[in-house]
Amino acid sequence: MAWPCWPALPAMERTTVLITGCSSGIGLGLAARLAADSARRFKVYATMRDLAKGERLLERLGGRCPDTLELLQLDVTDPCSLAAAAQQVQGQRLDVLVCNAGVGLMGPLETCSDQAMKTLFDVNLFGAVRTIQAFLPAMKSRRAGRIIVSSSIGGVQGLPFNAVYCASKFAVEGLCESLAIVLRPFNIHLTLVQCGPVHTSFQANLQRPDPEGSEMRGLDAETQGLYRRYLGHCQSIFRDAAQEVEEVLPVFLDAIGSPCPPLRCASTQLLAPLWRLRLSSPDGSAYVRAMHDFVFGGSEAGGDQP
Ligand SMILES: NC(=O)C1=CN([C@@H]2O[C@H](COP(=O)(O)OP(=O)(O)OC[C@H]3O[C@@H](n4cnc5c(N)ncnc54)[C@H](OP(=O)(O)O)[C@@H]3O)[C@@H](O)[C@H]2O)C=CC1
Ligand SMILES: CC1=C(/C=C/C(C)=C/C=C/C(C)=C/C=O)C(C)(C)CCC1
């Protein structure tokens, strides 16, 4: 792809990019792509909470880019680790911050433990808030910068059995939309990237109850049936329609490279018809009905029936 020049930078300087959650998936892929840029236009701070997991990224790069890549420890739930990372980078001027770290939680709402919900919000919402807080003052004083946040299609439309996860990503959307308004005079662009299903470690790391497991005890049989049916859909969608990391990277690269990136961009059209329905019918009932019918076959009751 053609890369427009970053207008605020002197031509010979590298664009510095800090990415959270680079031990796997989208973060790893983005860090590797930028660090391996043939024109060496980027200096990448690839951060992860456990630096022992940095081997995968280094292996991917085959030790090719010591001058364009630096690994840093950063746990978005730990203010001390954030402060230390910010201190290490600030001397260098940060052009682009990518808040990518995130975790998933799936299952009937009744099975989501207090601890699992708190952890999810601590990473997905408060982690993004803390990370932005750590790097925003320097961007503001330079009156330049870019913030890219990994949202999700689940950040703009509700998905069955993902209520708490979607709540965390809806919150991220509200956070960023509100912040973007204030950042306009500071010349700081904020972009939310909404991916759909992507083949990463996300699914494997996702907390979700086994439909036959003990967490289901006490849950009504109808919800158990709907959950089993949803898991079946998910499995086939991940098998047939999930994207590869390489397919979603151009959306992040555009947000980094384009002179005036949008507030929101999506990596997939998978849920576009339902999304359009949601927009065209703002009271929400048409969306809820259509999603229900799509996933559960239109049965209002007796969820486990064909
Ligand atoms: N894959 C998908 O289908 C989709 C993913 N997304 C979003 O994309 C983003 C990246 O996920 P993806 O690459 O798919 O999944 P991965 O599980 O592969 O990557 C998630 C990354 O977040 C890191 N992470 C988790 N908790 C913390 C923490 N406390 N501090 C710092 N890093 C942390 C993980 O590190 P560790 O190895 O230490 O756990 C890992 O590096 C997430 O925000 C996710 O919500 C959005 C739409 C779809
Ligand atoms: C496409 C599609 C479905 C599946 C969506 C999935 C599986 C989304 C996964 C999203 C993830 C993993 C987001 C992470 O942020 C449904 C709802 C079954 C039915 C409607 C069409």
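The values are calculated or read from the model by the stated rules, or taken from the named source; none is laboratory data. What you see is a predicted model, and the numbers here were worked out from it, not measured in a lab. We place every Cβ from the backbone using ideal geometry, glycine too, and count neighbours over all the protein chains shown. For the accessible areas, the whole protein counts, side chains as well, though only heavy atoms, and no ligand, DNA or RNA atoms are used. Shrake-Rupley method; radii C 1.70, N 1.55, O 1.52, S 1.80 Å.
Data for the structure
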| read-out | value |
| --- | --- |
| Qualifying residue in segment 201-224 (condition: more than 19 Å from Thr111 (Cα to Cα), at pLDDT 95 or above and out of contact with any Asp or Glu (no Cβ under 7 Å at 6 or more places or on another chain)) | yes |
| Unique match (being modelled with pLDDT of 95 or more and surrounded by fewer than 23 Cβ atoms within 10 Å (Cβ to Cβ)) among Leu190, Leu183 | Leu183 |
| Count of residues meeting criterion [assigned to a helix (DSSP H, G or I), free of Cβ contacts under 8 Å to residues at least 40 places away in the same chain and loosely packed, with under 13 Cβ neighbours inside 10 Å] in segment 77-99 | 2 |
| Top-ranked residue of segment 255-285 - restricted to ones that are free of Cβ contacts under 8 Å to residues at least 24 places away in the same chain and either part of a helix (DSSP H, G or I) or among the basic types (Lys, Arg) (or both), ranked as nearest to Ala32 (Cα to Cα) | Ala272 |
| Any chance Leu34 is within 12 Å of ligand 1 (Cβ to nearest atom) and either open to solvent by less than 50 Å² (accessible area, probe 1.4 Å) or not in a helix (DSSP H, G or I) (or both) | no |
| Hey, Glu13 more than 18 Å from Pro250 (Cα to Cα), in a helix (DSSP H, G or I) and not hydrophobic (A, V, I, L, M, F, W, C) or not | no |
| Single residue of segment 160-180 satisfying the filter (under 18 Å from Met117 (Cα atoms) and small (Gly, Ala, Ser)) that is surrounded by the most Cβ atoms within 10 Å (Cβ to Cβ) | Ser168 |
| Test: residue in segment 200-211 that is within 16 Å of ligand 2 (Cβ to nearest atom), closer than 25 Å to Ser81 by Cβ and in a strand (DSSP E or B) | yes |
| All positions within segment 102-149 that are closer than 21 Å to Pro211 by Cβ and assigned to a loop (DSSP other than H, G, I, E, B) | Val103, Gly104, Met106, Gly107, Pro108, Cys112, Ser113 |
